[in-house]
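Asks: What follows is a single structure, and I will ask about it in a moment.
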Amino acid sequence: MAIFRKTVPLGEQDRLAAEADGLAALAATGALRVPAVLGQGQDGQHAWLELEYFELTALDRLSGARLGEQLAALHRAYGPDDVYGWPRDNYIGMNPQSNRSHPSWARFFAAERLAPQLAWASSNGLERVWRDKGERLCEKLGAFFLDYRPAPSLLHGDLWGGNAGRLPDGTPVVFDPAVYRGDRETDLAMSELFGGFPESFYAAYRLAWPLDPGYETRKTLYNLYHVLNHLNLFGAAYLNQAKRMIDKLLAELRG
């Protein structure tokens, strides 16, 4: 078996441990294919994670459809209780991602997703007036969920086109997760943010499990988290997009 080895400085070994935890959680469902975790350790000044190596190419129509069906199956892997979060914190890109549990999905998303990113963004170009708007959005977030209570689905958590592909036999594969339990729509929303998934992926998912009314509005809310994260990771190129999204969501609340 070919092996893919990731290495990080010893001070960052928790990122690899979080990745291994997420891959194991996804694999345990049997819903979709992920690289097997083959080993973890340290040597000298580095920590390492060894994974099953795959030769991957971009998703096509057939593999996209299979992945859509499989993602719907993954999202039916609910937690034992109506609790949103995960037993450990992990990472979204290079930034830490808090997964402290909440019985309320709106409260979880406000406190553990938007609020930390807004706080970091204040030192990365987001003016105080916009942080105030973001905090107002967090305070009123429950209004988006008056008639919608999502199940605590197991999520990939970082489902953009660069984290999915297909094997030569057409089997879809996902990797680099940031798992937690939350609204299944967050995975679908992120998949739309940067593209890379064929339309067959969405059609197959919706056939397996239709989306609820209001998804288009919630999609903006969920993707605000990732746009703020990109602002905090990569800089001001994402600043205006974040502002537009905040204003759009506040306008929905006023409407």
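Asks: Could you tell me which of the residues F144, F201, F175 is over 20 Å from I92 (Cα atoms), buried (at least 22 other Cβ atoms within 10 Å of the Cβ), at pLDDT 95 or above and in contact with a helix residue (DSSP H, G or I) (Cβ under 7 Å, 6 or more places away or on another chain)? Step through it out loud before you land on a result.
Replies: Details: F144 fails: buried (at least 22 other Cβ atoms within 10 Å of the Cβ); F175 fails: over 20 Å from I92 (Cα atoms).
The match here is F201.
Asks: Condition first: small (G, A, S), farther than 24 Å from P103 by Cβ and not in a helix (DSSP H, G or I). Now tell me which residues in region 130-164 satisfy that.
Replies: A164
Asks: From R100, R107, grab the single residue that is surrounded by fewer than 20 Cβ atoms within 10 Å (Cβ to Cβ), in a helix (DSSP H, G or I) and modelled with pLDDT of 95 or more.
Replies: Result of the check over R100, R107: R107.
Asks: Of the conditions (1) of a type outside the set (G, A, S); (2) under 26 Å from L74 (Cα atoms); (3) modelled with pLDDT of 95 or more, L233 fails just one. Which one is it?
Replies: It is condition (2) that L233 fails.
Asks: Exactly one of (1) touching a residue at least 12 places away in the same chain (Cβ under 8 Å); (2) over 18 Å from A28 (Cα atoms); (3) part of a loop (DSSP other than H, G, I, E, B) is unmet by D169. Its number?
Replies: For D169, the exception is condition (1).
The values are calculated or read from the model by the stated rules, or taken from the named source; none is laboratory data. Computed from a prediction, not measured in an experiment: that's the story for all the values here. Neighbour counts run over all protein chains shown; Cβ positions are idealised from the backbone, glycine included.
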